[in-house]
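Below is one structure, written out as structure tokens; the observations come after it.
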Amino acid sequence: MPRPRKCRKVCRLPIADVFEANAARTETIVLTVDEYECIRLVDYQGFSQEQCAEYMQVSRATVQLICDKARKKIASALVNGYTLRIEGGDYRLCEGKEETCGC
């Protein structure tokens, strides 16, 4: 039996949760909130994977897996003109009271 998934700490939800292409495609790709947070921290904020792992309270290997999966989803949506929706995932929203919080 696999280990239960660990909740990832997320400091803020996305401002926009749906991105639609102008094409008449009907397929939607779902990016989870924890995947969004990982991309926000590593690719947008410039965190190292180690810093991101500490921030989200997961291992560095988990951050690498999350980022790789998220990048593939984003690339597929951009290349194929699919709708990208951000929702769900295994996360807990930060309350802004922790020392490592960037809220």
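Since every read-out is calculated from the coordinates, none of them should be taken as a lab result. Values in this document were obtained by computation on a predicted structure and should not be read as measured data. Here Cβ is always computed from backbone atoms with ideal geometry, including for glycine, and neighbour counts include all displayed protein chains.
Taking the helices alone, the chain has a mean residue ellipticity at 222 nm of -11000 deg cm²/dmol, built from -39,500 (n - 2.57) per DSSP H run of at least 4 residues and averaged over all its residues. Partners of K72 within straight-line reach, counting aspartates and glutamates whose Cα lies under 18 Å from its Cα and excluding those fewer than 8 residues away in the same chain: D17, E20, E27, D34, E35, E37, D43, E87.
In loop segments of segment 14-90 as defined by DSSP, the GluC sites (Glu not before Pro) with at most 14 further C-beta atoms inside 10 Å of their C-beta are E20, E27, E87. The modelled label-to-label distance between T28 and M1, using points 7 Å beyond Cα along the C-beta direction, is 3.3 nm.
Taking a Cβ cut-off of under 14 Å around C38, the surrounding Lys, Arg, Asp and Glu residues balance to a net charge of +2, with basic ones at +1 and acidic ones at -1.
Under a 10 Å cutoff between Cα atoms, tell me which one of L84, L93, L41 has the largest fluctuation in the Gaussian network model of the chain. Checking each option, the largest mean-square fluctuation is seen for L93.
Between segment 11-32 and segment 40-68, the C-alpha centres lie 21 angstrom from each other. What length, rounded to one decimal in nm, is gained on full extension from S59 through to L13, with 0.36 nm per residue of separation minus their alpha-carbon distance? Between S59 and L13, full extension yields 14.4 nm more. Write down the percent of antiparallel bridges among all DSSP beta bridges whose residues are both part of the chain, to the nearest 5. Percentage antiparallel, nearest 5: 20. Computed over segment 8-89, the P(r) tail beyond 19 angstrom holds 35 percent of alpha carbon pairs. Can you give the FRET efficiency to the nearest 0.05 for V79 and Q45, using r as the Cβ-Cβ distance and R₀ = 25 Å? About 0.50, to the nearest 0.05. Each Lys and Arg contributes +1 and each Asp and Glu -1, all at the Cβ; summed about the Cα centre of the chain, the dipole is approximately 280 debye.
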